[in-house]
Amino acid sequence: MILELPAEFHIVIPDGRRLVILANHFKSKGNGNQDENDALRKKQAMRVLEIYEGLRATNDLIAIMGDLNDSPGRDTLSPLLGEGSDLKDASEVEGFNFAGRPGTWGDGTAQGQN
């Protein structure tokens, strides 16, 4: 099983703070064995969390982005979004405007968040 690392982009924004973007594409839910796919997505989430925690001491802003291929409340994403994490799903950020399309898959409905 290959565990791919996220692409990592370091950007200095106009006010001088540093933004790190961790761009991800987690294992699909669509092909193969569902239990194996879930286990790989959880392993990917745990590795991304390790990278995030390593970056926190020296970076002002960190965004974990991309297709995580699961719904925010699922156990596979619990390392990133579960109890004790300081990370938030974009849908929970106050003032974020989804322009009526909270999902990114299918017709863009909330169900399309996975």
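The values are calculated or read from the model by the stated rules, or taken from the named source; none is laboratory data. None of the values given here were measured: they were computed from a predicted structure. Cβ coordinates were reconstructed from backbone atoms using ideal geometry, including for glycine residues, and neighbour counts include every protein chain displayed. Ligands, DNA and RNA are excluded from the accessible area calculation, which covers all protein heavy atoms including side chains. Shrake-Rupley method; radii C 1.70, N 1.55, O 1.52, S 1.80 Å.
Within region 1-25, find all residues whose amide N lies under 19 Å from a label point positioned 7 Å from the Cα of Ala63 along Cα-to-beta-carbon.
Only 6-25 fall inside the zone, counting backbone N under 19 Å.
Ignoring any ligand, DNA or RNA, what whole percent of the accessible area of the chain comes from carbon and sulfur when the probe is 1.4 angstrom?
Using a 1.4 Å probe with all protein chains present, the chain comes out at 51 percent carbon and sulfur.
In region 57-95, which GluC sites (Glu not before Pro) fall in coil by DSSP and have 10 or fewer other Cβ atoms within 10 Å? The partial results should precede the final answer.
On the way: sites: Glu83, Glu92, Glu94; in loops: Glu83, Glu94.
For GluC sites (Glu not before Pro) across region 57-95 that sit outside H, G, I, E and B with at most 10 neighbouring Cβ atoms in 10 Å, the list reads Glu83, Glu94.
Summing +1 for each Lys or Arg and -1 for each Asp or Glu, what net charge is found among the other residues whose Cβ lies under 9 Å from the Cβ of Leu77?
Local charge sum for Leu77: 0.
Calculate the dipole size of the chain relative to its Cα centre from +1 charges on Lys and Arg beta carbons and -1 charges on Asp and Glu beta carbons; express the result in debye to the nearest 20. Walk me through the numbers on the way to the answer.
Values: 12 positive and 18 negative charges, 38 e Å.
My answer is approximately 180 debye.
Is any residue of region 41-78 close enough, with backbone N under 19 Å, to a label point placed 7 angstrom from the Cα of His10 along the Cα-Cβ axis, and if so, which?
48-65
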